[in-house]
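Peer 1: Sharing a structure here in structure tokens format.
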Amino acid sequence: MKALNAIIRRNFLVYLKDKENVFYTLLSMLIIIALMLIFLGDMNVGIVKDALRHMDEIMQGSTIPTEYLVTGSRNPSLDDANARTLVLSLIIAGITIVNGISASMGMLSMMSWDEESGKLASYYVAPISRAVLVSGYVISAIILSVFFSLITVLVSEIILVITGGTLMSITLALKVLGLIVLNSFSTTAFLFFLTSLARTRSAYSGISTFVYTLSGFVTGMYVPLGVLPAIVRKVLAFVPMTQGSVWMRKVFTMDAVNAAFAGLPKEAINEYYEITGIEIKFGDTVFTPWMQFTIMFGSGVLFMILSVVMMNKKNVRDR
């Protein structure tokens, strides 16, 4: 335990020593939040309002049993506020995942630096297991990822309230916290395994560019998952980052969806879920929370084991 704590402490001291890196990481995070919420948010609010008006036209002259309608009364005067809360909640969920990935990559960059500078070799000759060494890097990245994710949620919620939205409840906040921790573990374990393949900073830079580009698509930030080809959605359904993003969206938007679609057919919510990636299917099967937890936690454990095996091979190879 002392060795693990020492590695974690050392990693944070080295990371925080580069104050410019920390500053620009925070600055880029705030810029992404502002751009996504202000510009992308306004565009998508109009789309949701148009969909609600279209549903009103369909509902005119039709009689639908109450059990097929979303709980609540339809109030068109609240469409703007409800649509804005729904869209911004959806965007906040995606930004939280992406910023968590960025934070993990920032901390894991020390792995390639230690490899290139030869400092990693000193760990190999130290009386510590490879499992402790891997855990030290991974836990450091998880802590930083959770911290940046929470900052993202806090700043985003402030912007949401300022723009007329509703602050999340304590119950919802606890669910979000649990998902952030789970997603950080799952994502960081995979990213550590991926970045451990890099032996130089230039190799790490190539991997990080690939991860940053791919994360926007995998999490549905650039393109809604629902508009992707069916075969692509089936593949992404088993990617832990995708499941984490889908689950986060579902939790963030649960109350906002019910408020926006109150008094309308439940089928409208199902269609919205599928298009925006709040739910993802494999065929006709919708992934339940337990299935998502199994994929995310199981993959995290798997990549931790694979990383330990790889570190052992590096140890033998470098002697």
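Rule-based calculations on the coordinates, nothing more; no lab input. For clarity, every value in this text was computed on a predicted model and none was experimentally measured. Methodologically, a virtual Cβ is constructed for each residue, glycine included, from the backbone with ideal geometry; neighbour enumeration extends over all protein chains shown.
Peer 1: Pull up all non-local amide H partners of LEU69: gap of 5 or more, or a different chain, and H-to-H distance under 5 Å with H placed in the peptide plane.
Peer 2: Those lying under 5 Å, H to H, from LEU69 are LYS266.
Peer 1: In percent, what relative contact order does the chain have, based on Cα pairs under 8 Å that are 6 or more apart in sequence?
Peer 2: The value is 27 percent.
Peer 1: Which residue, THR209, LEU69, VAL98, has the largest displacement toward the positive end of the dipole of the chain when charges sit on each Cβ (Lys, Arg +1; Asp, Glu -1)?
Peer 2: THR209
Peer 1: Separate question: Counting other C-beta atoms within 10 Å, which of GLU115, GLU271, GLU57 has the fewest, and how do the rest follow?
Peer 2: Lowest to highest Cβ neighbour count: GLU57, GLU271, GLU115.
Peer 1: Please work out how much length the chain gains when fully extended from ALA230 to ASP56, using 0.36 nm per residue of separation minus the C-alpha to C-alpha distance, in nm with one decimal.
Peer 2: Here the answer is 59.7 nm.
Peer 1: First check a/c for the range 125-237, with a ≥ b ≥ c the square roots of the eigenvalues of its C-alpha gyration tensor; if it is under 1.5, answer rounded, and if not, answer prolate when a/b is larger than b/c or oblate otherwise.
Peer 2: It is oblate, given that a/c is not under 1.5 and a/b is not larger than b/c.
Peer 1: Sticking with this structure for a sec: Could you compute the net charge surrounding LEU167? Neighbours are other residues with a C-beta less than 12 Å from the C-beta of LEU167; K and R count +1, D and E count -1.
Peer 2: -2
Peer 1: Based on the mean of other Cβ atoms within 10 Å per residue, sort peptides 289-296, 145-152 so the most packed one is first.
Peer 2: So the order, starting with the most tightly packed, is 145-152, 289-296.
Peer 1: Calculate the spin-label point distance for GLU267 paired with LEU13, positioning each point 7 Å from the Cα along the beta-carbon direction, and give it in nanometres.
Peer 2: Reported label-point gap for LEU13 and GLU267 is 6.4 nm.
Peer 1: Taking other Cβ within 10 Å of each residue's Cβ, how do PHE261, PHE238, PHE193 sort, fewest first?
Peer 2: Starting with the residue having the fewest Cβ neighbours, the order is PHE238, PHE193, PHE261.
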